[in-house]
Amino acid sequence: MPTETEHTDSRHDDLRSLRIDHSLRDGGGEPPAWSRRVILGGIALIVLLGLAALAYRALASNTPEVEVVRATAEGSDVAGSTVLSASGYVVAHHKISVNSKVTGRVAWIGVEKGDKVKEGQILVRLEDQEFRAQYEQSRGVVESYKARLSQLEHGSRPEEIQQADHNLSEARATAMNDKLNLDRARNLFAQGVTSKQNLDDAGARYDASQQRMNSLEQSFQLAKLGPRAEEVQRARGDLQQAEGQMAYAKSQLDATVIRAPVSGTILERTAEKGELVTAQFASGAEGGPRGSESCR
């Protein structure tokens, strides 16, 4: 049976076996020479890499920047390529119905369905004979009122005043002669030489010549004074009214030419040459005349 001393010796032997034997290293405990060379080489390599990095950064600041563009794939007509096809309806973003402002018969159409038009382009012409006649008539009225107003503003001409004075002088002479005849008739009637009828006739002639003389006297005074301010103002009002009627007739005449309100495409044409078209408010009436152009 082992004793306590034997157990103690065996534990010491086990501990000795676990110790590191430093006597096995080369050079009596110093690291080998090749390991030192490896370490120094690694340090030198790290230093060189750091210097190279610093030099690259210094030179990179002067290097122009290169723009990088991502390439995108484009369609090709190569046989076998996939082509996407779809069917559907093209809906206009804006749709405008072009109608006539006046009632008239279509004389000319300059567009077809699908045509491209520009703003202000003539689409349709209506028959304009009646509208043109109304415009010419209203323009004649305007010219007449202009002449009358000009006459009133400038007053009577010297020739007119002279003519009025001449007529007045003639009337005065006639009245004076009739007065002498009347006095002679009175004396003869008092002597019983002439009849009462002759006396009455002489008195009537004198009264008529007196009235004519007074009328020509007033005309002569008015010719010298010129027209009244009220007459001039009334003439201006008549002219302004006539010009308004002419402007309305001109707008009706211009409305016979239908133009495109915007640039776009003709989507639908509901009027044909020879048809009667009317304004938009009546175009939808059942049985009534209609006609329009749709564009987008």
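Rolling a 1.4 angstrom probe over region 89-157 with all protein chains present gives an accessible area of which 47% lies on carbon and sulfur atoms. Listed by chain and number, the lysines placed with their C-alpha closer than 30 angstrom to that of K116 are K95, K101, K250, K273; residues fewer than eight positions away on the same chain are left out. H154 to L180: FRET efficiency via 1/(1 + (r/R0)^6), r the Cβ-Cβ distance, R0 45 Å, to the nearest 0.05? Approximately 0.60, to the nearest 0.05.
Using only alpha carbon pairs under 8 Å that are at least six residues apart, calculate the relative contact order of region 95-173 and give it in whole percent. Here the relative contact order equals 22 percent.
The values are calculated or read from the model by the stated rules, or taken from the named source; none is laboratory data. All figures in this text were calculated on a predicted structure; none of them were measured in a lab. Note that we place each Cβ from the backbone using ideal geometry, even for glycine, and neighbour counts take in every protein chain shown. With ligands, DNA and RNA removed, areas are computed over all heavy atoms of the protein, side chains included. Shrake-Rupley method; radii C 1.70, N 1.55, O 1.52, S 1.80 Å.
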